[in-house]
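Read-outs: derived from the displayed coordinates by stated rules, not from any lab. No experiment lies behind these values; they were computed from the predicted model shown. Because the Cβ atoms are built from the backbone with ideal geometry, glycine has one as well, and the counts that use them run over all protein chains shown.
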Amino acid sequence: IEIDLGAIAKGYTVDRAVEVLRDDGIKVALISSGTSSLYALGSPPGEHGWQISVRNPLDTSKAACVLRLQNLSLAVSGDYEKFFKLGGKTYAHIMDPHTGMPVENMLSTAVVSPLATDSDALSTSFFVEGPGPTRDSLKHHPNLTAILFLPTASGQAFKQIALKSSVTKLPADAFVSIDCH
């Protein structure tokens, strides 16, 4: 058995790095823990937010969405990096605790939040929960944006669902815009 703390540890690490940078007076930086969790501190000179591409879950050479973030975090969970195929079926590394089996019918999720720990944990949670429970969760968690990428029946395309918290009161210096293709 192997335990992977990727569902929250990377976000926590990013939050601590942001705290250190802010304490040292750094106002502009893009802090990344690799391919899945980041924080956009401030904006690059002359820009309104950091431009971040969320990869297409079916084609690594393309972006599914382009976000602009300022003083917000982004985390992505997906089935396209850690998986195996058996009998023509793909099994991802994210497990459904209700079945003990890999999650099905979800390709990836992206969550924007003021804290990277929250983005990291919730992107995995929303990946497991799916659209209905995610909508319900967003009624009780403020300041979140979630994008879910679901497979279509053909398996050759995906459907995306963008959701926002029912309560959004971001700090005045925070910014998010999303352009999904």
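Below, the figures for the structure above:
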quantity: Gain on full stretching of the segment that runs from residue 63 to residue 35 - 0.36 nm per residue minus C-alpha separation; calculated: 8.7 nm
quantity: Mean Cβ count within 10 Å, highest first, over the residues of peptides 20-28, 35-43, 169-177; calculated: 35-43, 169-177, 20-28
quantity: Length added when fully stretched, residue 104-residue 164, from 0.36 nm per residue minus Cα-Cα; calculated: 19.3 nm
quantity: Table column - 3J(HN,Hα) (Hz), segment 26-36, Karplus curve with 6.51, -1.76, 1.60, x for Gly and Pro; calculated: 6, 10, 9, 6, 10, 9, 10, 9, x, 9, 10
quantity: Rounded, prolate or oblate (a/c below 1.5 giving rounded, otherwise prolate when a/b exceeds b/c) for segment 50-138 by Cα gyration tensor; calculated: oblate
quantity: Full-stretch length increase - residue 28, residue 157 - with 0.36 nm per residue and alpha-carbon distance subtracted; calculated: 42.8 nm
quantity: Förster radius 35 Å - calculated FRET efficiency between residue 95 and residue 139 (Cβ-Cβ, nearest 0.05); calculated: 0.85
quantity: Residue among 157, 146, 92 with the largest mean-square fluctuation in a Gaussian network model of the chain, springs linking Cα atoms under 10 Å; calculated: 157
quantity: At R0 = 22 Å, FRET efficiency that the Cβ-Cβ distance of residue 16 and residue 150 yields, to 0.05; calculated: 0.10
quantity: The chain - mean residue ellipticity at 222 nm from DSSP helices (-39,500 (n - 2.57) per run, n ≥ 4, rounded to 500); calculated: -7000 deg cm²/dmol
quantity: Furthest towards positive pole of dipole, 58, 123, 76, structure part the chain, Cβ charges; calculated: 58
quantity: Long-range HN-HN contacts of residue 104 with modeled amide H, under 5 Å; calculated: none
quantity: Anchor residue 85: lysines whose Cα lies under 30 Å away (excluding residues fewer than 8 positions away in-chain); calculated: 10, 62, 159
quantity: Nonlocal amide H pairs with residue 63, under 5 Å, H built at 1.01 Å; calculated: 56
